Amino acid sequence: METSYHKLDKGALAQTACQELMAYGLWDTKTRVKRWIKKNMLRRETTVEDLIFWPTGLLADGLWHYMKTCGIAQQTTGKGRGGEGTDAGDTDDSRIAQALAAYYARWMKKGGPIYYPDDLLAGETLLCAYEEYRESGQNNAVVRSDNAEACREAIEKLVSYMMCYPTDEMGSFPYRAAQNNGYVFVDVIGLVCPFLYRYGMLYDHREALELAVKQVVNFAAYGMDGATGLPYHGYAAHSAYKYGIIGWGRAVGWLLRGMTGCMASEYGAKRLQDSYITLVDAVLAYQHKDGYFSWQLQAADGPEDTSATGMICVALKQGIELGLLAGTKYEQALLAGTNAVYKSVRDGKVYDCSGECEGFGQYPQRYGAYPWALGPALKL
């Protein structure tokens, strides 16, 4: 295991993240024409252009965290790594602030549409920014005096969307309720639960707290493999079947992300800490000597995956900071995993990341640089 962190200038990562925050997932003209024909002429279902879909939500989360933990001043001060008194337009913090502001402004200008549970991931950063504004009374990268009310309304809209979202007979959120298949994906734990729990904690909304924790408790009961202690990709309560593969790396990352997000206060910690530690211990048994985790944890000879490694390590870091994980075992695992992610950084991007999952059992073996590795890397 590594004994010290590799040096890494995260400024280049942040610059790439700012660019992708505003560009990733947007449709080009050719795509718009195809979708219009499919919807209006062929009368077929088509997807929507979601301005806050989960990949950019991860980037926003990473950029916000980077600003808040690297000693970067607020954009209003004009002070950053460029040095005191440097023109704000030349500093990393001002570029990040501008990108975050533009990202949320673009979405709210369109009326703040919410299409999927995935969109609540972007709500986490908006909620953090609004709470900081509310507590300090000062403008920040996202929330200002002239848009604070619009931001508050957007947050409440996100909460209402999820509080009214259909659940199965056990109270869990199906990933796509409109498909009427009852499939509960582990992704939802990481996408939805941290936002709901933080909102419930900040605004004393007991129902939001309970709903967030219930998702985790239900998945632990119905979506885990008894032999390895690792999650399946999902399950369906009505059939008692579990779906997808066991130990898909990002499934583990999503589950740990949701669990740590639901243990930021005593209410969730009391209910989840034991199962969280059990899962972490099971996961660490599959960490490679060089710090990476494979795209599927048990696939020791399979490709390493920086998205799985990054998400797992962010959860380790949060668990240590919250006092949930204690001991050198966890610290060394975090150090080795962080170094592994850093070793995959080239030209401001995080490589060795597996491509986007297309559903249960559909894990394309394409590896490159994607937002779901870049966002978590900014938090390490």
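Each value in this text was obtained by applying a stated rule to the coordinates, not by laboratory testing. Only a predicted model underlies this, so the values are computations on that prediction, with no experimental measurement involved. Quick reminder, even Gly has a Cβ in these numbers, built from the backbone with ideal geometry, and neighbours come from all protein chains shown.
Extension gain Ala12-Glu169, at 0.36 nm per residue separation less the Cα-Cα distance, in nm? Before the final figure, lay out the partial values.
Values: separation 157, 0.36 × 157 = 56.52 nm, distance 4.68 nm.
Value of the extension gain: 51.8 nm.
Quick one: grab the alpha carbon gyration tensor of region 194-298, order the square roots of its eigenvalues as a ≥ b ≥ c, and give me rounded if a/c is under 1.5, else prolate or oblate depending on whether a/b is larger than b/c.
Oblate is the answer for region 194-298, as a/c is 1.5 or above yet b/c matches or exceeds a/b.
So what's the convex hull volume per residue for the Cα atoms of region 119-262, in Å³? Kindly include the intermediate steps, with their values, before the conclusion.
Working: hull volume 15.0 nm³, N = 144.
Measuring per residue, one finds 104 Å³ for the Cα hull of region 119-262.
Using 7 Å Cα-to-Cβ label points, what is the Glu358/Gln98 separation (nm, one decimal)?
For the pair Glu358/Gln98, the computed spacing is 3.9 nm.
Taking a cut-off of 29 Å between Cα atoms, list the lysines near Lys214, but don't count ones fewer than 8 places away on the same chain.
Lys157, Lys242, Lys270, Lys317, Lys379
Please work out the Cα center distance from region 125-199 to region 266-280, rounded to the nearest Å.
After rounding, the separation between the Cα centres reads 22 Å.
Using only helices, what value at 222 nm comes out for the chain when you add -39,500 (n - 2.57) per DSSP H run of length 4 or more and divide by the total residues, to the nearest 500 deg cm²/dmol?
Per the formula, -16500 deg cm²/dmol.
Within 10 Å of each candidate Cβ there may be at most 14 other Cβ atoms; applying that plus a DSSP loop requirement, which trypsin sites (Lys or Arg not before Pro) in region 134-189 survive?
Counting only loop positions with at most 14 other Cβ atoms within 10 Å, the trypsin sites (Lys or Arg not before Pro) in region 134-189 are Arg176.
Subtract the Cα-Cα distance of Asn40 and Ser239 from 0.36 nm times their separation in residues, and report this length gain in nm to one decimal.
My answer for the length gained is 68.0 nm.
Treat each spin label as a single point 7 Å out from the Cα along the C-beta direction, and report the Arg134 to Cys70 distance in nm.
According to this spin-label approximation, the distance is 2.8 nm.
For Glu49 and Ala148 in the same chain, what is the full-extension length gain: residue separation times 0.36 nm, less their Cα-Cα distance, in nm?
The Glu49-Ala148 span can extend by a further 33.1 nm.
Using a 7 Å offset from the Cα along the Cα-to-Cβ direction at both Ile277 and Asp204, what is the distance between the two label points in nm, to one decimal?
Between Ile277 and Asp204, the simple spin-label model gives 3.2 nm.
Identify the trypsin sites (Lys or Arg not before Pro) of region 14-44 meeting these criteria: DSSP loop state and at most 13 other C-beta atoms within 10 Å of the C-beta.
Arg43, Arg44
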